[in-house]
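Before any comments, here is the structure.
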Amino acid sequence: KVQLINDAYNAVVDAVLGAEAEVGEGREPCAAILATLKHIRIPIVSLDVPSGWDAESGSSGGISPDVLVSLAAPKECARRFLGRQHFVAGRFLPYDVQKKFELNPPEYPGTECVVAL
């Protein structure tokens, strides 16, 4: 599987586990997918929290993405992200949510909905 993915694609989008998933979720098919993602050579783009990471503390045997796209705001685990590029997508985050969680979103130029950090 790993060689097929490396040969057939230019990148992989990691949206296997959501932010609420337990770290090290060993149930199939997630365990097999994560095992495969750990061995591919092409870039991985993770959405919000890289699969296999704890949203608070960071990596715990999970994958090592090249790109992280944080949704709404970076999670605490993003501090441990060592990839090439980090983006945040969350232009339309309601003011009440920003205030409640003490968020300071970046400026989004023009009509952009994603910004590089």
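Highest mean first, the peptides 65-75, 2-12, 101-111 sorted by other C-beta atoms within 10 Å per residue fall in the order 65-75, 2-12, 101-111.
Look at the dipole of the chain built from charges on Cβ: of 31, 71, 44, the Cα furthest out on the positive end belongs to 44.
Ignoring ligands, DNA and RNA, what percent of the accessible area of the chain is carbon or sulfur (1.4 Å)?
Its accessible area is 54 percent carbon and sulfur atoms.
Would you work out which of 55, 6, 106 lies farthest towards the positive end of the dipole of the chain? Charges go on Cβ: Lys and Arg +1, Asp and Glu -1. It is 6.
Taking every alpha-carbon pair within the chain, the share separated by more than 18 Å comes to 53 percent. Dipole check for segment 1-116: with +1 at the C-beta of Lys and Arg, -1 at the C-beta of Asp and Glu, and the Cα centre as origin, the magnitude is about 260 Debye. Note on residue 71 and residue 11: their simple-model spin labels are 1.7 nm apart, each label 7 Å out from Cα toward Cβ.
Counting lysine pairs in the chain that sit 8 or more residues apart in sequence, or on different chains, and whose Cα atoms lie under 28 Å apart gives 4. Computed on protein heavy atoms with a 1.4 Å probe, the accessible areas place 86, 39 in the order 39, 86, largest first. Accessible surface area normalised per residue over the chain is 64 Å², counting heavy atoms of protein chains with a 1.4 Å rolling probe.
The values are calculated or read from the model by the stated rules, or taken from the named source; none is laboratory data. Remember, it's a predicted structure, so these values are computed and weren't measured experimentally. Note that we place each Cβ from the backbone using ideal geometry, even for glycine, and neighbour counts take in every protein chain shown. These accessible areas exclude ligands, DNA and RNA; they are computed on the full protein's heavy atoms, side chains included. Shrake-Rupley method; radii C 1.70, N 1.55, O 1.52, S 1.80 Å.
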